[in-house]
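Written below as structure tokens is the structure these notes are about.
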Amino acid sequence: MKPPSILIIDDEPLMRLSMMDALKAVDYDVHAAASGHQGLEMIKKGAFEIVVTDLRLPGVDGLALLQACKQHSLRTEVIVITAHGSVETAVGAMKLGAYDYITKPFQMEELLLIIDRVAKVQALRQENLQLREKLEDKFSFQGILGKSDRMRGVLDKIKLVSATDSTVLIVGESGTGKELVANAIHHHSPRHDHALIKVSCAALPETLLEAELFGHEKGAFTGALRQRRGRFELAHKGTLFLDEIGEISPMVQVKLLRVLQERQFERVGGNDTIEADVRLVCATQKDLKKEVAQGRFREDLYYRLNVVPVMLPPLRERREDVLMIAEHVLQSRSGRSNKTLKGFSQGTHELLLRYSFPGNVRELENMVERAVALGRQNEEIQPWDLCGFLTCPYLGGRPQETCGFCSEGLTGKKEAKTLTDSLAVAREQFERQYILSVLGRVQGSRTVASKILGLSRKALWEKCKRYGISPGKNDHRDD
Ligand SMILES: Nc1ncnc2c1ncn2[C@@H]1O[C@H](COP(=O)(O)OP(=O)(O)OP(=O)(O)O)[C@@H](O)[C@H]1O
Ligand SMILES: [Mg+2]
């Protein structure tokens, strides 16, 4: 592996040279700057893995350089050198994101040790990133994540069918990712340079849907003030996604069948026959076979649409995917909101794995988004962050009828009636209740409570924060 490149910034020539020699002797790729200004220029131009800078420099000082490094490249780690007796400035630098500090005078051995440690951490980080990318490649396709056997089967099928022109019928409950799959198929198909046109068949009444799909001539019906091209024409050479196809009326079913058979149609109120080269992808939540059996959907159309069926299993039938998707949403949403959360608490993990997710991936996404908004900086996500109710039973409140997540978690009702809470969830609940009762007994004094509980004041304070217990009215007394 390539040795890390290191930039040394120090205005004292002797110091600079000794550091350079020591680092070169162990084969690091070493560069140096004799002033803050020169250092700044070099940081802006080059991507250094490690920057070692004196804090006190004329002109641009070490703190300014540290900030420039953090703005320029998140992976650069900065080690600051401080004069003897100015530890406070060093602590300030650490708060601004410096990796470590070293106090003058120091032995070169000390510097080498710190740099060796940083280099190891960076190598590990890089390795992790690469492993994650590899895993994500294996378990995702065009943003569709899934490592369960069933989803991997689906992903393989989507990859294969994308390359063809076959009509695809995507079937799945609400929120299972039907639209996401339709997007993936189009974007991975030879038609990706042309349009992907989407129509929600449930959103429009029969006559409007007909005009929407096939277009209309001027004066075809009241309000048709000018000629309008339909979605089939707009999707020429591209893909047409007909969502909620199970909702179309018998009249539209006949028209659609004709386009599929002859690749031709006429605009509403028109005589000209129009040809369209369109790849059709349809989606439905309904069991179309049942609809056919009950006479609501044409059998001939069903067979034309069901050339390649893609069945998206509900999330509750592929629990291996839950945490993977939850972690992914957590990463992406916290990145956007600039919030750092320490992942899900063990109890929350277990509740997530047990919940039935009637709204499937969409529901999981919304829950994690809520947790990013409500969760506390640098802390683990708790059940109440996911459900968003202040009266969450895990906070000692009454379960909300509308909150399936907590009520299912408490009763295990959908999965197994006899299932009791896992140890982790039970422990968190018990701990919270117990802390509350002790605080109650000592009129809210955390110092007294921490003694009774055998915890340090800091540990108790952290637990209170984690469990959403606000300071009691007597708490200020002993602060
Ligand atoms: N396997 C998955 N990996 C990552 N995200 C997913 C996955 N499945 C669904 N999603 C996300 O969940 C949300 C809902 O997906 P989508 O709109 O495709 O569902 P749908 O099946 O079309 O639902 P509906 O029937 O309600 O229209 C989207 O934000 C989508 O990105
Ligand atoms: Mg949809």
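The values are calculated or read from the model by the stated rules, or taken from the named source; none is laboratory data. Being a predicted model, the structure only gives us computed values, none of them experimental. Ideal geometry is used to build each Cβ from the backbone, glycine not excepted, and the neighbour counts take in all protein chains shown. Each accessible area value is taken on the protein alone, full model and side chains, heavy atoms only, with ligands, DNA and RNA left out. Shrake-Rupley method; radii C 1.70, N 1.55, O 1.52, S 1.80 Å.
From Leu364, Leu352, Leu374, which residue is touching a residue at least 40 places away in the same chain (Cβ under 8 Å), out of contact with any Cys (no Cβ under 7 Å at 6 or more places or on another chain), farther than 30 Å from Arg279 by Cβ and not hydroxyl-bearing (Ser, Thr, Tyr)?
Leu364
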Can you say whether Gly472 is assigned by TED's automatic domain parsing to the domain that holds Ser356, under 27 Å from the mean Cα position of the chain (by Cα) and at pLDDT below 85, as far as the supplied structure shows?
no
Give all pairs with beta carbons closer than 8 Å in which a residue from the stretch 327-345 that is closer than 17 Å to Arg132 by Cα meets a residue that is modelled with pLDDT of 80 or more and within 13 Å of ligand 1 (Cβ to nearest atom); count only pairs at least 6 apart in sequence or on separate chains.
His328/Leu145; Val329/Leu364; Val329/Glu365; Val329/Val368; Val329/Glu369; Leu330/Val368; Gly343/Glu327; Gly343/Leu330
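For (1) outside any loop (DSSP other than H, G, I, E, B); (2) assigned by TED's automatic domain parsing to the domain that holds Met251; (3) touching a residue at least 40 places away in the same chain (Cβ under 8 Å); (4) in contact with a strand residue (DSSP E or B) (Cβ under 6 Å, 6 or more places away or on another chain), each residue gets a yes or a no:
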| site | (1), (2), (3), (4) |
| --- | --- |
| Asp193 | no, yes, no, no |
| Leu208 | yes, yes, no, no |
| Leu213 | yes, yes, yes, no |
| Thr222 | no, yes, no, no |
Of the residues that make up the stretch 187-194, is at least one in contact with a Ser or Thr (Cβ under 6 Å, 6 or more places away or on another chain) and within 16 Å of ligand 1 (Cβ to nearest atom)?
yes
Please go through the stretch 165-186 and pick out each residue that is near ligand 1 (Cβ under 6 Å from one of its atoms), in contact (Cβ under 8 Å) with a residue 60 or more places away in the chain and either out of contact with any helix residue (DSSP H, G or I) (no Cβ under 6 Å at 6 or more places or on another chain) or open to solvent by 40 Å² or more (accessible area, probe 1.4 Å) (or both).
Ser174, Lys178, Glu179
Within the stretch 136-189, residues being within 16 Å of ligand 2 (Cβ to nearest atom) and in a loop (DSSP other than H, G, I, E, B) number 7
Only one of Gln122, Gln130, Gln142 is open to solvent by 70 Å² or more (accessible area, probe 1.4 Å) and more than 14 Å from ligand 1 (Cβ to nearest atom), namely Gln130
Selection status of Thr103, surrounded by fewer than 18 Cβ atoms within 10 Å (Cβ to Cβ) and either assigned by TED's automatic domain parsing to the domain that holds Asn338 or touching a strand residue (DSSP E or B) at 6+ places or on another chain (Cβ under 6 Å) (or both):
yes
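Checking the condition among the charged types (D, E, K, R) and under 30 Å from Leu353 (Cβ atoms), which residue from Glu320, Glu299, Glu291 passes? Please lay out each step first, then the result.
Numbers: Glu299 fails: under 30 Å from Leu353 (Cβ atoms); Glu291 fails: under 30 Å from Leu353 (Cβ atoms).
Result of the check over Glu320, Glu299, Glu291: Glu320.
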Please specify each residue of the stretch 267-299 satisfying the condition of being closer than 23 Å to Ser166 by Cα, open to solvent by 50 Å² or more (accessible area, probe 1.4 Å) and among the acidic types (Asp, Glu).
Glu275, Asp277, Asp287, Glu299
Condition met for Ser249 (in contact with a Leu (Cβ under 9 Å, 6 or more places away or on another chain), open to solvent by 10 Å² or more (accessible area, probe 1.4 Å), of a type in the set (Gly, Ala, Ser) and outside the structural domain of Thr167 (by TED's automatic domain parsing))
no
Of the residues in the stretch 195-205 that are within 14 Å of ligand 1 (Cβ to nearest atom) and not in a loop (DSSP other than H, G, I, E, B), the one that is least open to solvent (accessible area, probe 1.4 Å) is Val199
Kindly indicate whether Val292 is more than 16 Å from ligand 2 (Cβ to nearest atom) and modelled with pLDDT of 95 or more.
yes
Pairs returned, first residue in the stretch 77-96 that is within 19 Å of Arg16 (Cα to Cα), second residue that is open to solvent by less than 30 Å² (accessible area, probe 1.4 Å) and part of a helix (DSSP H, G or I), beta-carbon separation under 6 angstrom, 6 or more apart or interchain, are Glu77/Val118; Val78/Leu66; Val78/Cys69; Ile79/Ile114; Val80/Gly62; Val80/Ala93; Thr82/Ala90
Can you give me the ranges of the helices (runs of 4 or more DSSP H) entirely in the stretch 253-366 with at least 3 residues that are within 30 Å of Ile381 (Cα to Cα) and away from ligand 1 (no atom under 13 Å from the Cβ)?
320-337, 346-354
Here are some residues: Gly85, Gly92. Which one is over 22 Å from Lys44 (Cα atoms) and in a helix (DSSP H, G or I)?
Gly92
Among (1) at pLDDT 70 or above; (2) under 27 Å from Pro314 (Cα atoms), Gly409 falls short only on (1)
Can you name the number of the only condition in (1) modelled with pLDDT under 90; (2) closer than 18 Å to Ile9 by Cβ; (3) in contact with a Pro (Cβ under 8 Å, 6 or more places away or on another chain) that Tyr28 fails?
(1)
Restricting the search to the stretch 1-37, which residues are assigned to a helix (DSSP H, G or I) and in contact (Cβ under 8 Å) with a residue 24 or more places away in the chain?
Met15, Ser18, Met19, Ala22, Leu23, Gly36
